[in-house]
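Beneath this line is the structure, given in structure tokens, with notes to follow.
Each reported figure results from applying straightforward, stated rules to the coordinates on display, with no laboratory input. Values in this document were obtained by computation on a predicted structure and should not be read as measured data. When we count neighbours, we look across all protein chains shown, and the Cβ atoms used for this are built from the backbone with ideal geometry, even at glycine.
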Amino acid sequence: MSKYVFFILALSSISALALITIFIISRGAPIIGEVGFFDFVFGMTWAPGRGEYGIFPMIVGSVTVTLGAAALGVPIGICCSIFMTEFAPAALRNFFRPAIQLLAGIPSVVYGFWGLIFIVPLIREYLGGPGLSILAGAVILAIMILPTVISITEVSILALPPEYKAGAMALGLNHWQAIKTVLLPAAKSGIVAAVILGIGRAIGETMAVIMVLGNAVALPQSILDPVRTLTTNIGIEMGYASGTQSQALFATGIVLFAVIMLLNAAAQFITRKK
Amino acid sequence: MDYKIKIEAFKFFYGREQVINGIDLNIPKNGIFSLLGPAKSGITTMLRAVNRLSDIVPGARMEGSILLDGKNINDADVNVAELRRRVGIVFDVPAPLPMSVYENVAFGPKLLKKGKAEIRALVEESLQTAALWDDVKDRLNTPAQSLSGGQQQRLCIARVLALKPEVILLDRPCSGLDPISTAKIEESLIQLKELYTIVIAPHNVQQAVRISDRAAFMLSGDLIEEGANTEIFSNPVHKRTSDYITGRFG
Amino acid sequence: MGLNAKNKKARSKERAAKILIWSAAVSVMAVLFFIVVYILVKGLPVVSIGFLTEIPSNMGRSGGISSTIVGTVLITLVAVAIAAPFGIGTAFYLAEYTRESIVTRIIRFCAESLAGIPSIVYGLFGFIFFVIYLGFGYSVLSGGLTLAFMILPTIIRTSEEAIKTVPNIYREVSMSLGASKWQTIYKVVFPSALRGIANGIVLSIGRSIAETAAVIYTAGSVLRMPSSMFSSSRTMAVHFFILASEGISMENAFGTAALLVILIFFINVVVNMLVNRFIAKGR
Amino acid sequence: MKKILPLIFTALAVIFAGCAKEHHEAVIVAGSTSVQPYAEVLAEAFAHIRPDILVDIQGGGSSAGIMAVDTSVADIGMSSRLLKDSEKWMWHVEFARDGLAIILHPDNPVENFTIEQLRGIYAAEITNWKDLGGKDARIHVITREEGSGTRAAFEELVMDGKFITPRAIVQASNGAVRQLVSNDKNSIGFISLGLVDRTVKAASLGGVAASRENITDESYSLYRPFLFITNGAPEGDAKIFIDFALSPEGQRILSLEGLVEGMNP
């Protein structure tokens, strides 16, 4: 009997998830057909008022901001997880872990606003340009993906059998060599999964980056130029969009969905290979 | 001699892999019956088939029949939960549930909606029979995990006894236990054999010699030889049985 | 290179690495500390009893934020009340009742991908499906349902992982003592997976409270105290976003943000305490 | 535990059972985020006069408001742009006018623009402040997002067919534009006149200062209509609210907020 209760719960959840997927695709697909996949994905100008729906600048925007965030956030995240598992005294670790949990809990709009007030003026003063830029977005997103990267990496390091480190140290390796040559390679797949899930989190972020990216529709020339990502494009125009413009935003949602599916597939493939 | 358990032409498969290739074995009522054999000889599977714990394993399939008091345990009308209460099992590793000592022993009876007082009495009686009462009587509400390995295994025995079973299956109960705990467990098994049919997979030949009344020797899914303790250990019929008993192979 | 030269090089490399790792950790701590302190310093002076009890007035420039607090709590409750049973139920179904097959892998993969979808897309879906199509209008219900859809994948994933960490021996022991599949689940598996499931719920609550994009277009942005499931209500995060991005009132914006951070931290602590007490009682 | 599950199911049933489309107990006003703050002030005043009528103000943007009225999710739509031809069938009234102020950082030496200069800046033909008598620095152009009523009005009144440069920074609200301009000396943006405060300064247009008086006598040409829209002629509570907005008391409140009376009240 209980099997059916759980089956009904599972069925309704899955149908709910399917409903969203079908909804997004049905709202977004026609425009891709109309505009043509190639023109839509590689079109250079986005001007719904004039009926031009090219989102290539936004794909470049998403990629540059996310890679920037990963380049900043991942190394620091991995260092922190090594710190947590190898170097941190117990007292600090018990303080550090709830702090990370809090970091994950802060609303993204707060990050965005904090970025607008601190990070953007710093970039404008010392690096030039309007301050609203890829760099600003990368810094904010790097901070936001730290909890994801730290927690998953930490789990994969802790999951390693203690003999790995003991064995390495027994061979005369010092602590850092043991970490570098034994622990990290062994936890590699966990770390890669953490990186990919961190990137997935960064690519999906909207509200935090709307305030700091500048959302210019043109292709950026340097990391100090304003840029618009796939998510901010939806976030900014959705309220005012109607008709084909809103369909184009859904189509952007489909591209995002596809990118996130690819990332998850890669993450699962790598962790399963372990 | 009436037999508690009769196993007739019993075969067992995990998916395509055959683990037991046709066994006929009769286990007498009360007394201790040992199932001897090296690892991978199908003993654990045989034990789990008797209380149908083997049903849980996906892709498990069996042929032949196992009769408990003459009734085939795999008939459609058999209440599996009822069967498992009549045929208790103790695993090869001490496996207390993540609950207190009291909750562990009371787990079975509670499922039968028994009254509080009745459960309390059952718990106390089972712990005494398993020679654990004195160790735990003033810390019944502490987590079972806090007990020593030997104590935990005796808790598992008490947990089975609380259901008033007719048969007790033990799969290498003392592997990994210290000699003192092993001796205590063997002692309580000997006391129990008047009231219960005990089928044990000993973790070595000496244990079988010490405590069992009858024994059977299984090797990679076949029953080689079966007989009373006095015969099988003094003059075994088959060469492979004597090789195993004298410890020529593991 | 001589042996001790190599040693010296190794030792200096280790020192450098140690410094690098310590500085990374310290910088992360500094950034976190700086963000939280900045919010609390700018926000707490505004927080008073009035700020907590009165409803916003004059576009949010004055008065308190009580209606947004009630709105946030109501919407999050609706979301969790719906997503938790369905999510945990699905997790149990996937973990306990099905064998690893293509179907279960596809379901898990979709749940994973949907967890990554930007919340703005959920907002769009909620607006057109709940607000307009089902006719719930801008309301606590529409907002709650939209958030329920958004956190469902996360709850499924975290609950399933928690259930999978329960050692199989517990299930065998429970069944060997005559328990049915259902009794095994709710008397043994669920209590020991509770900590993982609770963490998943806390994560989802945190995400719902912090949500703006998905809620603006479903729960609306009315400043009045919600009177029923169908009245529109502005959540604290949305209120912060509107006050801050519209430049209406910085002080009240930071006051709201400070309360948000405190609320999230409070929920983490309370739920962990409840789970510890429940598990301690159970042990 | 056994009793919890049925409890959850009954709770769910109650929630879903309560889904019957409950009639709106409140007048729902949805639409342009530029109009929203002013509508909220009106609603607050209205609540004192008619406490029996509840008025809900929702944001979401002009198009969302129009769509909400079209699908009768909202009773009154708010728009900060003229209706498109496809939307003209809806009943609408201009309850107020809002000036479009061109805002600069207070320390920016530039004070005045001609329409042509503005068009050149926003079309990225003029890219350095020194061409306008300011410092030698790149102009950071800030605009509102595509579809916003404020941007549509700016394009119609200033750009005269030219396209705003895609390199322009886009912000999703008046407040965000003002916040940005107040922090960046080299930036230029446009917001609702009513929102100009001392953190920024409004430039004059062809010598005419941006003020309510100059809008009333139409010497300052940059202004846009604030419309209330209904699906068919307004009636019931919605009509009462709209009449209040058009009443002298309503118009006084709006002018206090920096708006100008609508042309056909």
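What the table below lists for this structure:
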read-out: As computed over the protein assembly as shown, the Cα convex hull volume per residue (Å³); value: 211 Å³
read-out: For segment D:189-195, Karplus couplings with θ = phi - 60° (6.51, -1.76, 1.60), whole Hz, Gly/Pro x; value: x, 9, 9, 5, 4, x, 9
read-out: Among D:240-249, B:135-144, D:45-54, C:139-148, the order from most to least packed when residues are scored by Cβ within 10 Å on average; value: C:139-148, D:240-249, B:135-144, D:45-54
read-out: Peptide B:85-91, shielding by other chains (average Cβ, 10 Å cutoff); value: 3
read-out: In segment C:126-173, GluC sites (Glu not before Pro) in a DSSP loop with at most 14 other beta-carbon atoms within 10 Å; value: none
read-out: Note, ³J(HN,Hα) from phi for segment C:155-161, Karplus 6.51, -1.76, 1.60, rounded to Hz, x at Gly and Pro; value: 5, 4, 5, 5, 5, 5, 4
read-out: Hull-based mean projected area of segment A:2-273, where the convex hull spans the alpha carbons, in square nanometres; value: 19.1 nm²
read-out: Exercise: per-residue mean of other protein chain Cβ atoms within 10 Å, B:127-133; value: 0
read-out: Equivalent ellipsoid semi-axes, segment B:103-159, via Cα gyration tensor eigenvalues times 5, rooted, Å; value: 19, 11, 10
read-out: Exposed trypsin sites (Lys or Arg not before Pro) absent - longest run of chain D, DSSP non-H/G/I/E/B, at most 14 other C-beta within 10 Å; value: D:199-265
read-out: Listed peptides A:219-227, A:56-64 by packing density, highest first (mean Cβ within 10 Å); value: A:56-64, A:219-227
read-out: Phi to ³J(HN,Hα) by Karplus 6.51 cos²θ - 1.76 cosθ + 1.60 over segment A:106-119, Hz, x for Gly, Pro; value: 5, x, 5, 5, 5, 4, x, 5, 4, x, 4, 8, 10, 5
read-out: Between segment B:146-174 and segment D:194-265, the alpha-carbon center distance in angstrom; value: 85 Å
read-out: Sparse-neighbourhood loop sites, chymotrypsin sites (Phe, Trp or Tyr not before Pro) in segment D:76-108 - DSSP loop, at most 15 other Cβ within 10 angstrom; value: D:TRP89
read-out: Value of [θ]222 nm, deg cm²/dmol, for chain D, DSSP H segments ≥ 4, -39500 (n - 2.57) each, nearest 500; value: -9000 deg cm²/dmol
read-out: Residue-averaged 222 nm ellipticity for chain A, from DSSP H runs of 4+ at -39500 (n - 2.57), nearest 500; value: -23500 deg cm²/dmol
read-out: Compactness index (Cα Rg / 2.2 N^0.38 Å), segment D:99-216; value: 0.95
read-out: Euclidean distance of C-alpha centroids, segment B:1-47 and segment B:196-210, integer Å; value: 14 Å
read-out: Segment C:125-190 and segment C:212-230: distance between their alpha carbon centers, rounded to Å; value: 25 Å
read-out: Selected from D:PRO106, D:PRO166, D:PRO234 as most flexible by GNM, with chain D as the system and alpha-carbon contacts under 10 Å; value: D:PRO166
read-out: Most mobile of B:ALA183, B:ALA216, B:ALA158 in a GNM of chain B (Cα contacts under 10 Å); value: B:ALA183
read-out: Debye log10 I(q)/I(0) for segment C:51-282, one point scatterer per Cα, at q = 0.10, 0.11, 0.13, 0.14 Å⁻¹; value: -0.53, -0.62, -0.81, -0.90
read-out: For D:GLY59, distant residues with modelled amide H under 5 Å away; value: C:SER221, D:GLY31
read-out: Amide H within-cut-off set for B:ILE89, under 5 Å, with H built and near neighbours excluded; value: B:LEU169
read-out: Chain D - convex hull of alpha carbons, volume per residue in Å³; value: 177 Å³
read-out: Peptide D:173-184, shielding by other chains (average Cβ, 10 Å cutoff); value: 5
read-out: Amide proton proximity set for A:TYR53, modelled H, under 5 Å, gap of 5+; value: A:ALA47
read-out: Sequence-distant lysines (8 or more away, or on other chains) whose Cα lies within less than 17 Å of B:LYS193; value: B:LYS4, B:LYS29, B:LYS164, B:LYS184
